[in-house]
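K.L.:
Have a look at this one.
The values are calculated or read from the model by the stated rules, or taken from the named source; none is laboratory data. Only a predicted model underlies this, so the values are computations on that prediction, with no experimental measurement involved. Quick reminder, even Gly has a Cβ in these numbers, built from the backbone with ideal geometry, and neighbours come from all protein chains shown.
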Amino acid sequence: MAVWRKTVDLSDEAIVEEFRQTGDSTQFKSLVRRYQNRIYNAALRILGNQDEAEEVTQDTFLKVHQGISGFRKEASFSSWIFRIAHNLCVDVVRTKQRRTGVKVVSFDPQSTQNEEDSLDPALSLSQIADPLPSPAQKVDLEEQQLVIERTLQELPESQRTVVVLHDIEGFQYQEIADIVGTSVGTVRSRLHYGRLKMRELLAPYFDNYGVQTASR
């Protein structure tokens, strides 16, 4: 007798396989439930626009549905779907650049061994600001989060994407490299400089990062 398992107990890859075999829309809907908020929130942080983030989210699942037969297990499903979302975000950014005539140039120097060694993996975005508000500044935790979200938009898109994927979504270096289509060394470099820039930009708001800012 076949053993019935709830969708919630299945891995992403198992759900994909069942959807391929049965075409049951319930399986696909379970993938949407798992990833809809994550894709939307990541797109919102990368693009800084709710309408664009919603459109990217919808287009992501449309492309997943259309191309799910081409999914291969060399990478995880999460890496695959986030790569689709990332490519759509890049398309949005490029479209805005063409429309405005402004080219956004990111500073992504090639990572060296010293740079990689100096990158502290434990120093995530959530740790850039002091977890408790400074009494002098009287900034509560909710306001801290808003400041961090706004500051993210000041980073070059390539750095912002890596910071979001690593420090917020929790992807590993190799997974991020697969998502954005670059090397692990470049991912490390973008994360390193993105974090430094975040600490520099947040300096007027927070007076204790646990590490020195780039400007100090």
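K.L.:
Among helices (runs of 4 or more DSSP H) lying entirely in region 88-190, which contain 1 or more residues that are buried (at least 16 other Cβ atoms within 10 Å of the Cβ) and modelled with pLDDT of 90 or more?
P.N.:
141-152, 157-163, 173-180
K.L.:
Filter region 164-184 down to the residues that are within 22 Å of Thr151 (Cβ to Cβ) and of a type outside the set (A, V, I, L, M, F, W, C) and list them by number.
P.N.:
Of everything in region 164-184, those that are within 22 Å of Thr151 (Cβ to Cβ) and of a type outside the set (A, V, I, L, M, F, W, C) turn out to be His166, Asp167, Glu169, Gly170.
K.L.:
Can you tell me which residue is surrounded by the most Cβ atoms within 10 Å (Cβ to Cβ) among those in region 195-207 that are modelled with pLDDT under 80 and in contact with a Ser or Thr (Cβ under 7 Å, 6 or more places away or on another chain)?
P.N.:
Phe206
K.L.:
Here's another thing I want to ask about it. Any chance region 69-76 includes a residue that's under 29 Å from Gln145 (Cβ atoms) and part of a loop (DSSP other than H, G, I, E, B)?
P.N.:
There is at least one residue in region 69-76 that is under 29 Å from Gln145 (Cβ atoms) and part of a loop (DSSP other than H, G, I, E, B).
K.L.:
A follow-up question, please. Mind checking whether some residue in region 42-54 is out of contact with any strand residue (DSSP E or B) (no Cβ under 8 Å at 6 or more places or on another chain) and more than 30 Å from Glu154 (Cα to Cα)?
P.N.:
No, that holds for no residue.
K.L.:
Of the residues that sit in region 45-87 and are farther than 19 Å from Ser11 by Cβ and touching an Asp or Glu at 6+ places or on another chain (Cβ under 8 Å), which one is surrounded by the fewest Cβ atoms within 10 Å (Cβ to Cβ)?
P.N.:
Arg45
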